[in-house]
Amino acid sequence: MAHVEPAHLVELALRNATPTDADAEALRHVEQCARCRDEFRMLTRVVAAARTAQLVDLPTAPPERVWQRISRDVSGPPAPPRPPAPAPDPGKRVLLALLALAAAAGIAFAHRYLRQGAAGQPDPPDL
Ligand SMILES: [Zn+2]
């Protein structure tokens, strides 16, 4: 079996969906493949960290337009304007988790492609 796609590893780390036969096959591969196992472990740690993140964990509050954009992308309808110093709420935990996962996915992609580049393998495909 080829390596597990990074997006599939993210789904497995999130454990939000009912496991499928493809998931079981991917997990069997992860158990036997050091490369996929390392990525899966890193993503699992990021998911755990993201799920416990709070607004105070951010160095600075993101600009209001960032929250509006994320909220729009996640939920569809435009979000109402927020006060300048928003208080933490459970909904922001989800958004923080999504931000952290997006960052983790970017790091995972970069890590994979940098490692491939160092090993003299071909350039990564366009995403
Ligand atoms: Zn693999």
Some residue of segment 63-76 being within 16 Å of the ligand (Cβ to nearest atom), in a loop (DSSP other than H, G, I, E, B), at negative phi and over 20 Å from the mean Cα position of the chain (by Cα): no
Count of residues meeting criterion [free of Cβ contacts under 8 Å to residues at least 40 places away in the same chain, away from the ligand (no atom under 15 Å from the Cβ) and surrounded by 11 or more Cβ atoms within 10 Å (Cβ to Cβ)] in segment 16-47: 3
Selection from segment 5-37 of residues that are assigned to a helix (DSSP H, G or I) and under 15 Å from the mean Cα position of the chain (by Cα): Pro6, Ala7, His8, Leu9, Val10, Glu11, Leu12, Ala13, Leu14
Residues satisfying the stated conditions in segment 1-15, i.e. away from the ligand (no atom under 15 Å from the Cβ) and in contact (Cβ under 8 Å) with a residue 40 or more places away in the chain: Leu14
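Give me a count of the residues in segment 62-113 that are in contact with a Phe, Trp or Tyr (Cβ under 9 Å, 6 or more places away or on another chain) and at pLDDT 65 or above.
2
The values are calculated or read from the model by the stated rules, or taken from the named source; none is laboratory data. No experiment lies behind these values; they were computed from the predicted model shown. Reconstructed Cβ throughout: ideal geometry from the backbone, glycine too, with neighbour counts over all protein chains shown.
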